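Asker: What follows is a single structure, and I will ask about it in a moment.
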Amino acid sequence: MCSIVLLQFMVLMLWTLCKPFLAILNSCLISMLRTPNPYLPLWRSVLMFWIMILLILVCINSMLIGQI
């Protein structure tokens, strides 16, 4: 019983520590998609890059919205 409570506490603490980093990563990825970068000209033409970034954003946003 004690180990389950300890595990739940550790997961809660880990989520509390990771949530700000997920929010920062989310905003960085969104801004990277919105603004063109002259140093990475190939990224705009690679469809797989767009699909991967959008999937990562969906996962991050679902985690951020699900654990308010």
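Asker: Name the residues in region 15-52 that are loosely packed, with under 11 Cβ neighbours inside 10 Å, modelled with pLDDT of 75 or more and either outside any helix (DSSP H, G or I) or of a type in the set (A, V, I, L, M, F, W, C) (or both), would you?
Answerer: Leu17, Phe21, Ile24, Cys28, Thr35, Leu47, Met48, Ile51
Asker: I would also like to ask the following. Look at Ser62 and say whether it is out of contact with any helix residue (DSSP H, G or I) (no Cβ under 9 Å at 6 or more places or on another chain) and at pLDDT 80 or above.
Answerer: Working: out of contact with any helix residue (DSSP H, G or I) (no Cβ under 9 Å at 6 or more places or on another chain): yes; at pLDDT 80 or above: yes.
It is true that Ser62 is out of contact with any helix residue (DSSP H, G or I) (no Cβ under 9 Å at 6 or more places or on another chain) and at pLDDT 80 or above.
The values are calculated or read from the model by the stated rules, or taken from the named source; none is laboratory data. Because the structure is a prediction, the values reported are computed rather than measured. Neighbour counts are summed over all protein chains in view; Cβ atoms, including those assigned to glycine, are modelled from backbone coordinates with ideal geometry.
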